[in-house]
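Only one structure is covered here, and it is reproduced in the block below.
The values are calculated or read from the model by the stated rules, or taken from the named source; none is laboratory data. Since we're looking at a predicted model, the values are computed, not measured. Don't worry about glycine lacking a Cβ; one is built from the backbone with ideal geometry, like all the others, and counts go over all protein chains shown. The area values use the complete protein model at the heavy-atom level, side chains included, leaving out ligands, DNA and RNA. Shrake-Rupley method; radii C 1.70, N 1.55, O 1.52, S 1.80 Å.
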Amino acid sequence: MLKLDHVVFPVRDAARTLAFYRETLGLPLTAALTGDDWDGYPWLMMIFGLEGGQEIVAVALAGAPAPDYRGVPIDARHYALACSDEAEFEDWRAKLRAAGVDHWEETHGDRRSTYFADPDGVILEITCPASAARPLDRPDALHKAKLWMSRISAPA
C-alpha cells in the first residue's frame, strides 16, 4: 500500500512561512532549494520534516499570482497532522493559543481535530488519534461513493 511522502503547496510570503513552520509548529527545515525558472518564476522550496520521514514542502514563486479558492469551503482543502495522544493534543491547543493562532475544533467520531491557517491561508489540522491503516478496498465505501456520484450527476 502507498503511504504519503510529502505535500507541496505555494506560499506568498516565504519569511512568514518559514517562521510559522519552524517557530510556531516547531518543524525542522531539512532542506532549502532555489532556482531561477519554474514556469518563468524564481523560486524557493522549503522542506520541513515530519516524524516518519514525511515532508511539508512550501514553494515561494516570486511574482506568481495567488491561488484563487473563492467559493470553496475553507477546510475542503487541508493537510492533517496526527499527534500521539490526548495529552499532546492538549499541548498543541495551548501552543496555538499562546502563539495567537486562530483555530476551531471539530469532533469526527472518536477523533478530535483542531484546524487553523498558516500565514498564506493553507489550512492545517492536528488530529488525535491518528488514522488507522486501511489497506483493504471496502465495498460499502465504493457503494457510498458511487451512490453520491449518481445523485449529483442525475439530471434535475
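For Leu27, nonlocal amide neighbours, meaning residues 5 or more places apart or on other chains whose placed amide H falls under 5 Å from its own, are Arg22. Rounded to the nearest Hz, the phi-derived 3J(HN,Hα) couplings of segment 28-42 under the Karplus curve 6.51 cos²θ - 1.76 cosθ + 1.60 (θ = phi - 60°) are x, 7, 8, 6, 9, 10, 9, x, 9, 8, 10, 6, x, 10, x, where x marks glycine and proline. Based on DSSP, what percent of beta bridges with both residues in segment 1-89 are antiparallel, to the nearest 5? In segment 1-89, DSSP labels about 70 percent of beta bridges as antiparallel. Using the Cα coordinates of segment 87-153, the gyration tensor eigenvalues translate into equivalent-ellipsoid semi-axes of 32, 17, 10 Å, sorted from longest to shortest. Sorted largest first, the spans of the alpha carbon positions of segment 23-156 along the three principal axes are 47, 43, 30 Å. Scalar couplings 3J(HN,Hα) for segment 89-96, obtained by applying the Karplus form with A = 6.51, B = -1.76, C = 1.60 to θ = phi - 60°, are 4, 5, 4, 5, 4, 5, 5, 5 Hz; x denotes Gly and Pro.
Relative to the Cα centre, the charge distribution of the chain, modelled as +1 at Lys and Arg Cβ and -1 at Asp and Glu Cβ, gives a dipole magnitude of about 540 debye.
By the helix-only formula, in which each DSSP H run with n ≥ 4 contributes -39500 (n - 2.57) and the sum is divided by residues, the chain has a 222 nm mean residue ellipticity of -6500 deg cm²/dmol. With an 8 Å Cα cut-off and a minimum separation of 6 or more residues, compute the relative contact order for the chain in percent. Across the chain, relative contact order equals 20 percent. Across segment 55-67, rounded Karplus estimates of 3J(HN,Hα) from the backbone phi angles (6.51 cos²θ - 1.76 cosθ + 1.60, θ = phi - 60°) give 9, 10, 10, 9, 10, 9, 10, 4, x, 6, x, 6, x Hz, Gly and Pro being marked x. Shown here for segment 64-156: trypsin sites (Lys or Arg not before Pro) in loop regions (DSSP other than H, G, I, E, B) with at most 13 other Cβ atoms within 10 Å, namely Arg70, Arg77. Counting only lysines at least 8 places from Lys3 when in the same chain, those with an alpha carbon closer than 27 Å to its own are Lys144, Lys146. Ordering Ile47, Leu96, Met149 by the projection of their Cα atoms onto the charge dipole of the chain, which places +1 on the Cβ of Lys and Arg and -1 on the Cβ of Asp and Glu, puts Met149 at the extreme positive end.
Taking every protein chain into account, the accessible area of segment 70-124 amounts to 58 square angstrom per residue (probe 1.4 Å). State the antiparallel share, in %, of DSSP beta bridges confined to the chain, rounding to the nearest 5. Antiparallel bridges make up about 70 percent of those DSSP assigns within the chain.
Looking at segment 1-91, what % of the alpha carbon pairs are farther apart than 23 Å? So the pairs more than 23 Å apart make up 34 percent of the total in segment 1-91.
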